[in-house]
Amino acid sequence: VTLDKVNNRLMVAAPGNSRYDIYQLNEEGLAVRSHADYSVGRPLIGRGFAHAPLGTNETNFPGQATFDSVNQRLFVSDSSDLQAQRGARIMVFDLSPESLAGLERNELPETIATLGQPDTDTWDLGVGPAKIGGSGTGLVDEERQLLFFSDGGNSRVLVWDIDPERLETGMDAMAVIGQPDFYSREARTGRGGLIRPSSLAFDPERKQLFVMDGNRVMVFDVSDQSLDRVSGIEAFAVIGQPDFESYEPPRSLRKIHNGPISLDYEYDRLVIGSFTKNRVLMFDVSPAKLEGASDPDAIAVLGQPNFESTDPAISQTRLTMTRVTVDTDRQMAYVPDGYPAGNRINIFDIHPDRMQQTLTPMISQIGHVNPEGETNFLARSANDRITPRGWTQGRDVTVDTVDHRLIMSDNYSHRVMIFKLDRMNRLLDRGASWVFGQKDPASTVLMPGRDATTIKLPLAVEYDESHKRLFVADSWNNRVLV
């Protein structure tokens, strides 16, 4: 997720549909409409993820992007890990309202430049001042017109000068962080090393770059004087470890965990999402605490009732598989929890005077409305298309040939569906007659807790005809139900 602070737009990655969606916001930072107005990389209406030929207007698996509000440019990390088409590049699009308004129906924006590769038709992985080693996260310093990019495949962060007068396809980066030169790629600890950098956050006032590096967050001075060194830049602080050489796993659930980060530089709070812990943690990174090594406790959590809970659930106060972007000016946090969670962008008021330490409720959401047009905080299926006759991800089936039933695990909908068969074990009705894990065959909620009726992300199913028992692999609850 990234923001256009000039034209009040929210841009959301939809990698499952190989595109970025653009939503219009109002002056309060809330969505004007529940649907996107434009898309980048693929049309708004069309098939889901699919590989496209390399070129200037289609994306394959777009990752975290960053937006330059000054010059209205979107920088998108586009990649693929499939062996048949493995590669990465940084695509740059002009998304000014005037440029988008000039497009025909279903016409896609064209790139104005490509970084990390020599041209628009190449995305081989590599190392050097003009190559990248895989997907990463971009971050724009709008004042100085710099792009920071976490090149995790090469254990480094690259810095490009993206001034419109100098930006061009295949250009060299101006500086490297985490390596002694542009051609080194060894993972290393220490003040000047990085292991696997991923998400980035930036303090534009103090010119400090926060780099999520696995089990730690490294903080670098990226002032002009520091970047003049080109390489060999050392961190002045590390969060989550007792010293710069350590790389130990977190000691408790209240500590730093690997995940997407954002920064509230008004109130000095580092905000960290989590795909596996189903929450967003906040840490105090005020200047007095940000020197040398520290391993602080989180001061607040979104999406869970306490710091120890990691239970996946969907509601107005609960989150699953989170990422996060903070709008410091409005004191808003935009928290997507996508597939296979809520298919929504959750919006929180995070002003210190208004948020709670735990279970702060969302003030709004993009993704689901009820028939009356009101926000539906419990809905979660993509396009609200779950019915007794339809599903999104059937993962496994088993047949009861004695009582003539077809049993299927609907992984994405957190349920097991049972269909009636005739005496020849042919389908009698395309709608499920029974369902486990939901109150009825048309429901697909993801509620808190774990009990004898709860199923979360079921995988394999197996039926024992002799004893009429069904075995269900309940993956998110780490158990097998019988």
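No value in this document is a laboratory result; all are computed from the given coordinates. Since the model is a prediction, treat every value here as computed from it, not as a measurement. Reconstructed Cβ throughout: ideal geometry from the backbone, glycine too, with neighbour counts over all protein chains shown.
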Open item on the list: For Cα pairs less than 8 Å apart in space and 6+ apart in sequence, what is the mean separation divided by the residue count of region 389-481, i.e. the relative contact order in percent?
Closed with: 24 percent
- [ ] Quickly estimate the mean residue ellipticity at 222 nm for the chain, helices only: each DSSP H run with n ≥ 4 gives -39500 (n - 2.57), and the total goes over all residues, rounded to 500.
- [x] -500 deg cm²/dmol
Task: Proxy reagent accessibility, fewest Cβ within 10 Å first, across Glu142, Glu168, Glu27 - done: Glu27, Glu168, Glu142
Open item on the list: Show me, for region 416-425, the HN-Hα J-couplings you get by feeding each phi into the Karplus relation (A = 6.51, B = -1.76, C = 1.60, θ = phi - 60°), rounded to Hz, glycine and proline as x.
Closed with: 10, 9, 10, 10, 7, 10, 7, 5, 9, 6
Open item on the list: Given a Förster distance of 51 Å, report the FRET efficiency between Arg229 and Asp403 from their Cβ-Cβ distance, rounded to the nearest 0.05.
Closed with: 0.10
Open item on the list: Can you compute the label reach from Lys420? Point 7 Å from Cα along the Cβ direction, backbone N cut-off under 14 Å, restricted to region 426-456.
Closed with: 426-435
TODO: Might you report the magnitude of the Cβ-based charge dipole of region 249-384 about its Cα centre, with Lys and Arg at +1 and Asp and Glu at -1, to the nearest 20 debye?
DONE: 440 debye
Task: Residues Arg395, Arg323, sorted so that the one with the fewest Cβ neighbours within 10 Å comes first - done: Arg395, Arg323
Open item on the list: Could you work out how much longer the chain between Arg144 and Glu27 gets when fully extended? Use 0.36 nm per residue separation minus the Cα distance between them, nm to one decimal.
Closed with: 39.5 nm
- [ ] Using label points projected 7 Å from each Cα along Cα→Cβ, tell me how many nm separate Lys439 and His35, to one decimal.
- [x] 2.9 nm
TODO: Please tell me the relative contact order of the chain in percent, rounded to the nearest whole number, where contacts are Cα pairs under 8 Å and at least six residues apart.
DONE: 7 percent
Open item on the list: Give me the count of lysine pairs in the chain whose alpha carbons sit under 21 angstrom apart, restricted to pairs 8 or more positions apart or on different chains.
Closed with: 8
TODO: Arrange Tyr183, Tyr23 by Cβ neighbour counts within 10 Å, fewest through most, would you?
DONE: Tyr183, Tyr23
Task: Protection-proxy order for peptides 193-199, 111-117, 374-380, each taking the mean of Cβ atoms within 10 Å per residue, highest first - done: 111-117, 193-199, 374-380
Open item on the list: As an exercise, use a Förster radius of 22 Å and the Cβ-Cβ distance of Leu44 and Glu372 to find the FRET efficiency, rounded to the nearest 0.05.
Closed with: 0.35
Task: Candidates per GluC sites (Glu not before Pro) in region 61-108, loop by DSSP, up to 10 other Cβ within 10 Å - done: Glu104
Open item on the list: Can you pull out the trypsin sites (Lys or Arg not before Pro) in region 22-79 whose DSSP state is coil and whose Cβ has at most 16 other Cβ atoms within 10 Å?
Closed with: Arg33, Arg47
TODO: Pop a pseudo-label 7 angstrom from the Cα along the beta-carbon direction at both Arg185 and Glu465 and give the gap in nm to one decimal.
DONE: 5.4 nm
TODO: Please list the equivalent ellipsoid semi-axes of region 389-481, computed as the square roots of five times the alpha-carbon gyration tensor eigenvalues, in descending order and whole angstrom.
DONE: 22, 15, 10
Open item on the list: Suppose the chain between Ile299 and Arg105 were pulled fully straight at 0.36 nm per residue; how much longer would it get relative to their current alpha carbon spacing?
Closed with: 65.1 nm
TODO: Give me the number: length gained by fully extending Glu98 to Tyr247, i.e. 0.36 nm times residue separation minus the C-alpha to C-alpha distance, one decimal in nm.
DONE: 48.9 nm
Task: Modelled FRET efficiency - R0 51 Å, Arg479 with His351, Cβ distances, 0.05 increments - done: 0.80
Open item on the list: Out of all Cα-Cα pairs in the chain, roughly what percent, to the nearest whole number, are more than 29 Å apart?
Closed with: 52 percent
